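Everything below concerns the one structure shown next.
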Amino acid sequence: MTTLEEAKKRGPERHLTNKYNFAGPGTFYEARMKGSDFYENLMKEAGRKVVGTKPFDKPINKVDACAKIHDATYVDKNASAAKVKAADIVFQNCVSKVKPSDGIQQALLAKAAKIGFEGKLKVEGAGLIRKGSFAAGGDKHSVLGQKLKGAVGMGRKAMGSVSKTIKKVI
């Protein structure tokens, strides 16, 4: 996402705090990777809030550095659900290394982020949301969505048969 049109269509960045450049959903990762000035100018031209701390293409701390690595997979439209899950696990392992000596706020946010991803992985594992949720890649439907789609298809097929039978009778 690096064009003005794309930036206008996307939702906002929702980072852990307004100082983070990468940690949180909706990061305009590709724009940030084109440089701090590119990101800032794109956001302003799109009428969007500039989020984070200059330079906008660099992590501000350990949690943000973990998120930057994680975001590289999340923007990949070709990333499989397994690759997205692996990125989630790498992120969890990375933030697990943040200690209170790195700053109490950062340590608490790291713990919260780890717990959030544990929940996401459990909900995906249960099939309630698609595997690779919140990423550009991943599965196209959840297990539940696939079952509902199959049931709708079976219902349409049954209705088609009923319609054909009625037409024959009439």
Fill in the blank from the handout: Here the alpha-carbon Rg of the stretch 1-91 over 2.2 N^0.38 Å rounds to 1.03
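Of Lys62/Lys99; Lys34/Lys77; Lys8/Lys34; Lys54/Lys99; Lys19/Lys49, which sit over 21 Å apart, Cα to Cα? Display every interim value, and only then the final one.
On the way: Lys62/Lys99 10 Å; Lys34/Lys77 18 Å; Lys8/Lys34 17 Å; Lys54/Lys99 24 Å; Lys19/Lys49 12 Å.
The answer is Lys54/Lys99.
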Handout entry: 19 Å Cα-Cα reach of Lys131 towards aspartates and glutamates, excluding residues that sit fewer than 8 places from it in its own chain
Key = Asp71, Asp76, Asp88, Glu118, Asp139
Exercise for the section: Whenever you get a sec, compute what percent of the accessible area on the stretch 25-80 sits on carbon and sulfur atoms (1.4 Å probe). Expected result: 52 percent
Fill in the blank from the handout: What the 5 Å binned alpha carbon P(r) of the stretch 46-88 shows, as percent of pairs per bin from 0, is 6, 20, 22, 18, 17, 13, 4, 0
Exercise for the section: Would you compute the Debye intensity of the stretch 1-46 from its alpha-carbon atoms alone, equal scatterers and no solvent, and pass along log10 I(q)/I(0) at q = 0.14, 0.18, 0.25, 0.26 Å⁻¹ to two decimals? Expected result: -0.28, -0.47, -0.92, -0.99
Exercise for the section: Could you calculate the contour length gain from Lys83 to Thr17, that is, 0.36 nm times the residue separation minus the distance between their Cα atoms, to one decimal place in nm? Expected result: 21.1 nm
Exercise for the section: Could you state the accessible area per residue of the stretch 1-110 in Å², with a 1.4 Å probe and every protein chain left in place? Expected result: 54 Å²
Practice task
Note down, for the stretch 47-129, the three equivalent ellipsoid semi-axes (square root of 5 times each alpha carbon gyration tensor eigenvalue), biggest first, whole angstrom.
Solution key: 23, 18, 12
Exercise for the section: Give a quick list of chymotrypsin sites (Phe, Trp or Tyr not before Pro) in the stretch 34-141 that DSSP marks as loop, anything other than H, G, I, E or B, with at most 14 other Cβ atoms within 10 Å. Expected result: Phe134
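The values are calculated or read from the model by the stated rules, or taken from the named source; none is laboratory data. Since the model is a prediction, treat every value here as computed from it, not as a measurement. Glycine also receives a Cβ, built like all others from the backbone with ideal geometry; neighbour counts cover every protein chain displayed. Protein only, heavy atoms only, side chains kept; ligands, DNA and RNA dropped before computing areas. Shrake-Rupley method; radii C 1.70, N 1.55, O 1.52, S 1.80 Å.
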